[in-house]
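The values are calculated or read from the model by the stated rules, or taken from the named source; none is laboratory data. Note that this is a predicted model, so its numbers are computed, not measured. Methodologically, a virtual Cβ is constructed for each residue, glycine included, from the backbone with ideal geometry; neighbour enumeration extends over all protein chains shown. Ligands, DNA and RNA are stripped out before the accessible areas are found, and what is left, the full protein with its side chains, is counted by its heavy atoms. Shrake-Rupley method; radii C 1.70, N 1.55, O 1.52, S 1.80 Å.
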Amino acid sequence: MSFTLATWNINSVRLREDLVLKLLSEQAPDVLCLQECKSPVEKIPTAGFEALGYTHMVARGQKGYNGVAILSKIPMVEAGAEDFASLGHARHIAGRLENGVTIHNHYVPAGGDIADRDVNEKFGQKLDYLTDMRDAFRTSAPKRAILVGDLNIAPREDDVWDHKKLLKVVSHTPIEVEHFNDVMTAGDWHDVTRADIPAGRLYSWWSYRAKDWDAADKGRRLDHIWATGDIKDAAHSSRVLRDARGWEKPSDHAPVFATFDL
DNA sequence: ATGGTTGAGTGTCAA
């Protein structure tokens, strides 16, 4: 079977229900992973999603902050949710498809403004979240698995608009990239997007604060699709739907897509 | 160096 998966930080699923419906209608991914839903699960507006055929959902939520959900046209059952770094935040949900593939959807902490855990507790929480992910994958090696989400780290020089300018900016600091790479190694995860699009500037997020985000193009690739080594070769057709960043009242993130033949 | 914008929810924090 072949299925297309998308991941999107929606920055409030209730405020942007119409944008989710637009994406589902126009792009019709089989599975859509959302982050920053900013909603309790029972207040996620599922009726419209169901009407478009997305009758399966697994989610974790909380009022006002965080929140992750997976919508699917393909039968899917919940496959766990973990509270990495014991923050008490709704940042992870996993679902399992009929073909035995597990999809992990993560919203990694942004980490605040200062890249020093001694003066910024949020930065420490971000590093701890990644360390807990690494340790979990060392304990139990994932198989036939996909990991997506807003990982809030742009690991490569061509994942940011200016590598040198961003070396001290949270999301692109060497210690974050080191933690990011340790998670990948521990789970035998492979970067699906960069396997398909190996070189060149590629972004999935542009700040709301830029006057003209499109022309300035000061973006970062914060949103990722990974696959374990046993299924990585099944992935193809990766893309970022940059257009979505220009929609009316947009999220500051654009959706990232990949297709898997499994 | 600083400030710029947005969302949730009504203070101001988080991003």
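Could you run the Karplus curve 6.51 cos²θ - 1.76 cosθ + 1.60 with θ = phi - 60° over region A:106-111 and give me ³J(HN,Hα) per residue in whole Hz, x for Gly and Pro?
Values, residue by residue: 10, 10, 6, x, 5, x Hz.
For residue A:79, which sequence-distant residues (separation of 5 or more, or a different chain) have an amide H within less than 5 Å of its own amide H, given hydrogens modelled in the peptide plane?
The answer is A:94, A:95, A:96.
Quote the charge dipole size of region A:2-261 about the Cα centre in Debye, to the nearest 20; the model charges only the Cβ of Lys and Arg (+1) and of Asp and Glu (-1).
Numbers: 33 positive and 39 negative charges, 84 e Å.
Charge dipole, region A:2-261, about its Cα centre: 400 debye, nearest 20.
Mind listing the phi-derived Karplus ³J(HN,Hα) values for region A:54-65, rounded to whole Hz, using 6.51, -1.76 and 1.60 with θ = phi - 60°, and x for any glycine or proline?
Along region A:54-65, the couplings run 8, 8, 10, 8, 10, 7, 10, x, 7, 6, x, 10 Hz.
Filter A:122/A:168; A:63/A:143; A:211/A:232; A:143/A:164 down to the pairs with a C-alpha to C-alpha distance above 27 Å, please.
Working: A:122/A:168 16 Å; A:63/A:143 33 Å; A:211/A:232 38 Å; A:143/A:164 36 Å.
Too far apart for the 27 Å limit: A:63/A:143; A:211/A:232; A:143/A:164.
What's the Kirkwood radius of chain A in Å, using all Cα pairs? Mind showing how you got there, number by number?
Numbers: mean 1/r = 0.0548 Å⁻¹.
It works out to 18.2 Å.
I'm checking a number: the convex hull volume of the Cα atoms of region A:24-101, normalised per residue, in Å³. What is it?
Details: hull volume 7.1 nm³, N = 78.
Convex hull volume per residue, Cα atoms: 90 Å³.
Accessible area, 1.4 Å probe, largest first: how do A:247, A:189 sort? Present the calculation step by step, with values, prior to reporting the outcome.
Details: A:247 40, A:189 10 Å².
Heavy-atom accessible area, descending, gives A:247, A:189.
Residue A:47 to residue A:83: FRET efficiency via 1/(1 + (r/R0)^6), r the Cβ-Cβ distance, R0 41 Å, to the nearest 0.05?
Numbers: r = 29 Å, r/R0 = 0.71.
Once rounded, the FRET efficiency stands at 0.90.
From the helices alone, meaning DSSP H stretches of at least four residues, give me the mean residue ellipticity at 222 nm for chain A, per-run term -39500 (n - 2.57), in deg cm²/dmol to the nearest 500.
Numbers: 7 runs with 61 residues, N = 262.
My calculation for chain A gives -6500 deg cm²/dmol from helical runs alone.
Let's test the formula: R0 of 22 Å, r as the Cβ-Cβ distance of residue A:249 and residue A:169. What FRET efficiency results, to the nearest 0.05?
Working: r = 26 Å, r/R0 = 1.20.
Approximately 0.25, to the nearest 0.05.
Please give the FRET efficiency for residue A:136 paired with residue A:62, using the beta carbon to beta carbon distance and R0 = 22 Å, rounded to the nearest 0.05. List each step's numbers first, then the result.
On the way: r = 21 Å, r/R0 = 0.97.
With a Förster radius of 22 Å, E is 0.55.
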